[in-house]
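To start, the structure under review is shown below, and the notes come after it.
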Amino acid sequence: MSTLITNIAELVTNSPEHAARGAAGSAGFGALSDAALVIEDAYVAWCGPASKAPAADRVVDAGGRAVLPGFVDSHSHLVFAGERSAEFADRMASRPYRPGGIAATVAATRGASDAQLRAGVRRLAAEMLRQGTTTFECKSGYGLTVADERRSVRLAAEVTDEVTFLGAHVVPPECGGDIDAYLALVCGEMLTACAPYARWVDVFCERGAFDADQARTVLAAGRDAGLIPRVHACQLGPGPGVQVAVEVGAASADHCTYLSSADVAALASSGTVATLLPGAEFCTRQPYPDARRLLGAGVVVALASDCNPGSSFTSSMAFCIALAVREMRMTTQEAVWAATVGGARALRRTDVGHLARGARADLILFDAPSHAYLAYRPGVPQVA
Ligand SMILES: [Zn+2]
C-alpha cells in the first residue's frame with residue numbers, strides 16, 4: 001500500500017540538497033515548494049516536485065498546506081502525579097524557582113496508584129501527538145525509591161522507546177541530606193531495577209542537586225549498565241554540567257542557560273548536542289539561553305519541551321519554537337530544524353526528524369502554507 005501526498009505548498013524535508021543556497025545559519029534546514037511525497041510501509045519512499053510525483057495506491061490532497069517532519073521532543077518528564085499551579089502563580093508574583101519544589105511532586109507521585117500514573121502519562125503523550133510530536137523522550141525522577149523509579153520507567157516504556165532513568169534528579173527528603181547514601185542506592189539497586197526499561201541515564205548536575213564528581217559517578221554506573229548518558233546542565237547558574245557531559249560523551253547537555261566560553265567551545269568540538277528548553281525559562285522567568293552564541297560556534301542545537309509540572313508544564317513544541325524565534329533570535333528555519341533533526345540528534349536517531357527517502361513517515365500535515373506560521377501564529381493549533 002503506497003500513499004501519495006500531493007499539492008504540498010512547502011515540504012520540509014531537512015535534506016541538505018533541499019537547503020536554500022546562501023541560507024547561512026540555517027543549519028541543515030531544507031524544504032521544497034509545490035512538492036509531493038510518497039509513503040510506503042510507514043517510510044518515505046519518494047519526495048520531490050508535485051509535477052513529477054509517481055502514481056500510488058492512494059492520493060491525499062494536502063490542499064496547499066505545509067508538511068513537516070513530526071517534532072522530536074528529546075526532553076520530558078511525564079511520569080508524575082499532582083500539579084503545581086499555585087507555585088507557578090506565586091513565582092509569577094515574585095518567588096524564584098528552586099529545585100526543592102520537586103519534593104511536592106515526588107510525594108504526590110509516590111502516593112498515586114499505577115492506574116493514576118499511567119493515565120497521566122498517556123494523557124500527556126496523546127496531547128503531544130495532537131500537537132505534532134511523533135517521537136519523545138521521557139524521564140523518571142519523581143519516584144526516587146527503587147520501587148517508585150522502577151514503576152516510572154516501566155510506565156514510560158509503555159509510551160516511548162526513549163526512556164531515561166533519572167534517579168539522580170534530587171536527593172529525596174527521607175535521606176536527610178545524605179547524598180552519598182542516596183547515590184549508592186541510585187547507582188546500585190535502583191539502577192539495576194530500572195536499566196531493563198531504559199535507554200538513557202541522566203543526572204541533574206546543578207548547585208543544590210549533584211556536583212561534578214557525583215554526576216560522573218551516576219553516569220559511569222549507568223554506562224556500565226548499558227545506558228547512554230545525558231545531563232541536566234547549567235540551568236540555574238554556571239557549573240560543571242556541560243564539561244561533565246562532554247567528558248563522558250553524553251548525547252546531550254540540556255538547558256545550557258549559563259555557559260562559559262569554555263563550555264561553548266567544548267560543545268562545539270564534541271558530539272554532544274546542546275538541548276535548549278525555553279519553556280523552562282518562560283515558566284520560571286529566567287533569562288533565555290544564548291542560542292545565537294551556540295549556533296555561531298557551530299554547536300548542534302536541539303529544542304525540547306522539558307514538559308514537567310514544576311518548571312515547564314507545556315507539551316507544545318510549537319510554543320517552544322515560537323519562544324526560540326521571538327526570544328532567542330533563532331530563525332524560523334533554525335528553530336524548526338532544532339525541534340526535528342536537532343531532537344533526533346540528541347536521541348541519536350537518524351530515522352526521524354527529516355523526510356528524506358528512507359526516513360520514517362512521521363509527519364505533520366500543517367494547516368498553514370509555511371513552517372514560519374509556527375512562530376508567526378503563536379498559540380494557535382495548526383496541526384491538521
Ligand atoms: Zn528536565
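How many residues are within 15 Å of the ligand (Cβ to nearest atom) and either of a type outside the set (A, V, I, L, M) or free of Cβ contacts under 8 Å to residues at least 40 places away in the same chain (or both) if we restrict to the range 249-266?
The number of residues fulfilling the criteria is 7.
Hey, among the residues in the range 135-154 that are open to solvent by less than 30 Å² (accessible area, probe 1.4 Å) and over 20 Å from GLY310 (Cα atoms), which one's nearest to the ligand (Cβ to nearest atom)?
Checked the range 135-154; the qualifying residue nearest to the ligand (Cβ to nearest atom) is THR135.
Got at least one residue in the range 44-58 being in contact with a Gly (Cβ under 8 Å, 6 or more places away or on another chain) and open to solvent by less than 30 Å² (accessible area, probe 1.4 Å)?
Yes.
Would you mind stating whether CYS283 is at positive phi, of a type in the set (A, V, I, L, M, F, W, C) and either away from the ligand (no atom under 12 Å from the Cβ) or in contact (Cβ under 8 Å) with a residue 24 or more places away in the chain (or both)?
In short, no.
With the structure loaded, tell me whether VAL264 is surrounded by fewer than 21 Cβ atoms within 10 Å (Cβ to Cβ) and not acidic (Asp, Glu) or whether it fails that test.
yes
List the helices (runs of 4 or more DSSP H) that sit entirely inside the range 311-384 and contain at least 1 residues that are of a type in the set (D, E, K, R) and buried (at least 20 other Cβ atoms within 10 Å of the Cβ).
Of the helices (runs of 4 or more DSSP H) lying wholly inside the range 311-384, those with at least 1 residues that are of a type in the set (D, E, K, R) and buried (at least 20 other Cβ atoms within 10 Å of the Cβ) span 332-337, 343-346.
Out of the residues in the range 1-31 that are among the charged types (D, E, K, R) and not in a strand (DSSP E or B), state the one that is modelled with the highest pLDDT.
GLU17
Find the residue count for the range 186-228, including only residues that are over 22 Å from ALA157 (Cα atoms), open to solvent by 40 Å² or more (accessible area, probe 1.4 Å) and not acidic (Asp, Glu).
So the answer is 5.
Conditions: (1) at pLDDT 95 or above; (2) within 16 Å of the ligand (Cβ to nearest atom). PRO99 meets all but one. Number of the miss?
In the conditions (1) at pLDDT 95 or above; (2) within 16 Å of the ligand (Cβ to nearest atom), PRO99 misses (1) alone.
Among the residues of the range 287-308, write down those that are within 14 Å of the ligand (Cβ to nearest atom), touching a residue at least 40 places away in the same chain (Cβ under 8 Å) and not in a strand (DSSP E or B).
Passing the criteria: ALA304, SER305, ASP306.
The values are calculated or read from the model by the stated rules, or taken from the named source; none is laboratory data. In this text the structure is predicted, and so the values were computed from the model without any measurement. Glycine also receives a Cβ, built like all others from the backbone with ideal geometry; neighbour counts cover every protein chain displayed. Just the protein is used for accessible areas: all its heavy atoms, side chains included, with ligands, DNA and RNA removed. Shrake-Rupley method; radii C 1.70, N 1.55, O 1.52, S 1.80 Å.
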